[in-house]
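Asks: I'd like to ask some things about the structure below.
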Amino acid sequence: MPAKEILRQKPNIYKAWKKFITLGKIDSKIIQPVIIESWKRCAKYGIDPFGKHNTRLNERELNQKFERFHHLIKVARPFMQSLYKFVKDSGFIVRLSDNEGCILETLGDKSIVDSSKELNILPGDNCSEQIIGTNAIGTCLVTQKPLQVFAAEHYCKAYHYWTTSACPIKDTKGRIIGALGMTGSYEKVHPHTLGMIIAAVEAIENQLKLEESNRKLLMSNQHFYAIMESISEGLISVDSSCKITDINLEARKLFGIKEEDVLGKHIKKLFNSNYKKIQRVLNQGIGFAEEEIVLYTKRRGTVRFISTATPIKDEKNNTAGAVITFREIKTVHNLINKMIGSEARFTFESILGKSKKLLEAIKIAKLAAENDTNVLLQGESGTGKEMFAQAIHNNSSRRDGPFIFINCGAIPRELVATELFGYVEGAFTGARKGGHPGKFELADGGTIFLDEIGDMPLDTQANLLRVLETKEIRRIGGKKVIPINVRVIAATHKNLEKEVEQGNFRQDLFFRLNVTPIKIPPLRERKEDIPLLVKHFTKKISRQMNKHIEDIHPEVIDIMCRHNWPGNVRELQNVLQQAINLCNSRVLTLKHLPDSIKNSPSNNSSTISAKTLKTLEEIEAEAINKTLNLLKGNVAKTARILGIGRNTLYRKMKKYKIKA
């Protein structure tokens, strides 16, 4: 409707307003439906149409509003200023409110603002429909639609001089967060005013959307950056020209460079001739995975890496760049070793015993741990050679590196070399794609334990000797020399000097390995350690089997001390497992031991000489004495284990003159 036509309707609108206020009757031909509904709500609210309803927040409440709607004010202010330029010096006021109708920002001619202070136009004033009745800002927040309120369409007479156009402002999720309005005298009413407000609100909402998009983009970039910087692999991204666009912290550490030194530079600055692989990815749009590359780094010289490259495609499926990840092969090997359990668990504290021969072996092993020389462990099967090897590793400077075990006697002769030194792709029929690292590569920076070294084939012995001399390996079928830093601990149950004499073992290799020889005594040569071992393994095994064995009968200790233990500690542990498995009481006795121990020649009564024969009283006295000693004088336990009453035990102790 043209402005003149609107002005001509002013008297009729006023009459309709007066009719509603005085009689409660509605003239729907004059008043538009949205205003009628608003008047009805105002009547229900009990608003006095002839009163003034100025309400203002105190300073603390207003500051809280400013803080809460800081972003809306910041975004809306430039558009309010642009809008005000069109109406400056023409008696108009531009206002911004929050979603409750509280004014947040006011722009207007000073004379108009000063003369209208009582009409809720300043920051902190409330323009909600419930407070001041029908008005453009308050009513548009209720209807959620743009609205122009002209003269007597206002419910309260104090506002009949004004015309206001307002539009609600919605956030990116469609929720109303405020309203923008422009107010002037009713004489300046114009339908285009509402159009200007709607356009300004659309601009504000678009800016909110843009900033939200920018915020999300920034967050995405920050997440991407955080992920790049936190991953343990080196990562480099390049554009279609092979120029570096990003390089993460791990890559910068590996190469010993700063980000600004390489950004925008061609990747060949870092990858030397290997950049051709990346160029092929960009040209063909096909990446590669887990390929070995050798790169030169300022910090550590030449280093071998496992690398993966993935092309980046644009919306037209053209290759726009690539992401390259790489991890040092040594790090990959350490991870593999942890996954497959290749790590040393035992320390010198794990080796139980106080015998002179064992303590001497431990002393030499501790000295060996302090240097990096090769060690040769000699001892029968089951004496604990691997435990010694792990203890040496864990007490050495290599404790944080891998500990790799290989039993040279358990691998087919034709596979020993490939297990030790690895192989390249195509080295033989059935060779794994990409090749396979050997145990020496996996042990780089740590220790390799070569058990049963005496069973190693002669041709492999020659290769091992070369590795010990040069500190380098060459995979089977390959030409590339791979430097390694590995400490070798070898072990055997054979007499290697005799093996050398018989031509079964290379003399030069023996000299290389026998730098620090350690002889581990068999169990029969340290029988004083057997009681300690029996108690330790009984406690450990019974806990594993969920048994509750509290005591061991002295006869069990006695018979086990007399046994020769050809299988050494391993045999002792196995015997106790069998015995504990059969034991259903709290005391481990002879009946629980396997027949192989009870009937052992060393324990057979037929082999006992006449000098060792004793009377029943002597045997009884000895049994009481031994049991009391083992139980540290505990009479109650001794009586229970011997199967007699406590009073009976006291009588016998008195008889045999035994003191607790």
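Asks: Can you pull out every residue in region 513-540 that is assigned to a helix (DSSP H, G or I) and crowded, with 18+ Cβ neighbours inside 10 Å?
Replies: First pass over region 513-540, keeping only residues assigned to a helix (DSSP H, G or I): 513, 523-525, 527-540.
Passing the criteria: Leu513, Leu523, Asp529, Ile530, Leu533, Val534, Phe537, Thr538.
Asks: Look at Leu295 and say whether it is at pLDDT below 85, touching a helix residue (DSSP H, G or I) at 6+ places or on another chain (Cβ under 9 Å), surrounded by 13 or more Cβ atoms within 10 Å (Cβ to Cβ) and of a type outside the set (Lys, Arg).
Replies: It is true that Leu295 is at pLDDT below 85, touching a helix residue (DSSP H, G or I) at 6+ places or on another chain (Cβ under 9 Å), surrounded by 13 or more Cβ atoms within 10 Å (Cβ to Cβ) and of a type outside the set (Lys, Arg).
Asks: The conditions are (1) buried (at least 19 other Cβ atoms within 10 Å of the Cβ); (2) modelled with pLDDT under 90, and Ala491 fails exactly one of them. Which is it?
Replies: Status for Ala491: all satisfied but (2).
Asks: Among the listed residues Ile257, Ile227, identify the single one that is out of contact with any His (no Cβ under 9 Å at 6 or more places or on another chain), farther than 15 Å from Gly321 by Cβ, among the β-branched types (Val, Ile, Thr) and in a helix (DSSP H, G or I).
Replies: Ile227
Asks: Something else: Only one residue in Gly46, Gly51, Gly108 is more than 24 Å from Lys145 (Cβ to Cβ), buried (at least 18 other Cβ atoms within 10 Å of the Cβ) and at pLDDT below 95. Which one?
Replies: Checking each option against the conditions leaves just Gly108.
Asks: Sticking with this structure for a sec: Taking the condition surrounded by 15 or more Cβ atoms within 10 Å (Cβ to Cβ) and either touching a Cys at 6+ places or on another chain (Cβ under 6 Å) or over 21 Å from Gln578 (Cβ atoms) (or both), does Phe510 pass?
Replies: Here the answer is yes, as Phe510 does meet what is asked.
Asks: Whether any residue in region 310-319 is outside any loop (DSSP other than H, G, I, E, B), closer than 21 Å to Ser230 by Cβ and modelled with pLDDT of 85 or more is what I want to check.
Replies: Taking region 310-319 as the starting set, the residues that turn out to be outside any loop (DSSP other than H, G, I, E, B) are 310-313, 319.
When the remaining residues are screened for being closer than 21 Å to Ser230 by Cβ, the result is 310, 312.
Next cut, modelled with pLDDT of 85 or more only: 310, 312.
Looking through region 310-319, at least one residue is outside any loop (DSSP other than H, G, I, E, B), closer than 21 Å to Ser230 by Cβ and modelled with pLDDT of 85 or more.
Asks: Quick check, is Ile482 modelled with pLDDT of 90 or more and not aromatic (Phe, Trp, Tyr)? Break it down into steps so the answer makes sense when it comes.
Replies: On the way: modelled with pLDDT of 90 or more: no; not aromatic (Phe, Trp, Tyr): yes.
In short, no.
Asks: Can you tell me which residue among Ile489, Ile484, Ile448, Ile476 is in contact (Cβ under 8 Å) with a residue 60 or more places away in the chain and assigned by TED's automatic domain parsing to the domain that holds Met387?
Replies: Exactly one residue qualifies, and that residue is Ile489.
Asks: Still on this structure, please answer the following. Looking at region 82-111 only, could you name the residues that are out of contact with any Ser or Thr (no Cβ under 7 Å at 6 or more places or on another chain) and more than 23 Å from Asn58 (Cα to Cα)?
Replies: Taking region 82-111 as the starting set, the residues that turn out to be out of contact with any Ser or Thr (no Cβ under 7 Å at 6 or more places or on another chain) are 82-90, 94, 96-99, 102, 105-111.
Once the filter is applied, which keeps residues that are out of contact with any Ser or Thr (no Cβ under 7 Å at 6 or more places or on another chain) and more than 23 Å from Asn58 (Cα to Cα), region 82-111 yields Ser82, Leu83, Tyr84, Lys85, Phe86, Val87, Lys88, Asp89, Ser90, Asp109, Ser111.
Asks: Out of the residues in region 232-248 that are surrounded by 15 or more Cβ atoms within 10 Å (Cβ to Cβ) and free of Cβ contacts under 8 Å to residues at least 40 places away in the same chain, state the one that is nearest to Val75 (Cα to Cα).
Replies: Among them, the one singled out is Asp246.
Asks: Give me the pairs, please: first residue somewhere in region 560-575 and touching a residue at least 24 places away in the same chain (Cβ under 8 Å) and assigned to a helix (DSSP H, G or I), second residue anywhere and surrounded by 15 or more Cβ atoms within 10 Å (Cβ to Cβ) and hydroxyl-bearing (Ser, Thr, Tyr), beta-carbon distance under 6 Å, and either six or more positions apart or on two chains.
Replies: Note: pairs meeting the criteria are Asn568/Thr383.
The values are calculated or read from the model by the stated rules, or taken from the named source; none is laboratory data. Small disclaimer: the values here were computed from a predicted structure and weren't measured. Every residue, glycine as well, gets a Cβ built from its backbone with ideal geometry; the counts of neighbours run over all protein chains shown.
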